[in-house]
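Structure first, then comments.
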Amino acid sequence: MVRGLADRLADIHAAATDLRDFVADMETQAFHALPHADRMAYRAIKNALTEIGEATKAIPEEVRQRHKEVDWKGFARLRDLMAHHYFGIDTKRLLPVIRDEIPALLAAVARERAGNDPNG
């Protein structure tokens, strides 16, 4: 089954929402203690970032151009980093991405989904 744009946007929305929720109440020090302090949380965060990156790779260029505030290629590269270098991830570099860039990604996806919704 071929997954279309609506599917990819839904994938990004679900993973980014989960990621935002996973980290929302987490103190910075607790985040930086990952994966040692909470392996399950670390794996959930890693999985969500991987899903976001994988889905962003399939977003057409015209959609990317409509939402230049999102670093689409950066999310795709982050996916590769998470998938291939998971043992050497610097949590100090991840937290700003999650806290600063995920909200913009979610907003762009929401706008795009609203524009592609045949019901509204």
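Each value in this text was obtained by applying a stated rule to the coordinates, not by laboratory testing. Values in this document were obtained by computation on a predicted structure and should not be read as measured data. In this analysis, Cβ positions are derived from the backbone assuming ideal geometry, glycine residues included, and neighbour counts consider all displayed protein chains.
Here are some notes:
- Between helix 72-84 and the chain there is an angle of about 40 degrees, using the helix long axis and the longest principal axis of the Cα atoms.
- Whole-number percent relative contact order across the chain, with pairs defined as alpha carbons under 8 Å at least 6 apart: 35 percent
- Calculated Kirkwood radius over Cα pairs in Å (choose from (1) 14.1; (2) 17.4; (3) 14.7), label: (3)
- Cα-based Lys proximity count in the stretch 5-115, under 19 Å, for pairs eight or more positions apart or on separate chains: 5
- Hypothetical label at residue 3: residues of the stretch 49-81 whose amide nitrogen lies under 15 Å (7 Å Cα-Cβ projection): 49-60, 76, 79-80
- The chain: calculated mean residue ellipticity at 222 nm from DSSP helix runs of at least 4, using -39500 (n - 2.57): -21500 deg cm²/dmol
- The stretch 63-84 residues near the modelled residue 97 label - backbone nitrogen below 12 Å, point 7 Å along Cα→Cβ: 71-84
- The long axis of helix 102-116 is offset from the longest Cα principal axis of the chain by roughly 20 degrees.
- With Cα atoms, 0 to 90° folded angle of helix 5-24 axis to the chain main axis: 30 degrees
- Scoring 21-31, 95-105 by mean Cβ neighbours within 10 Å over their residues and listing the highest first yields 95-105, 21-31.
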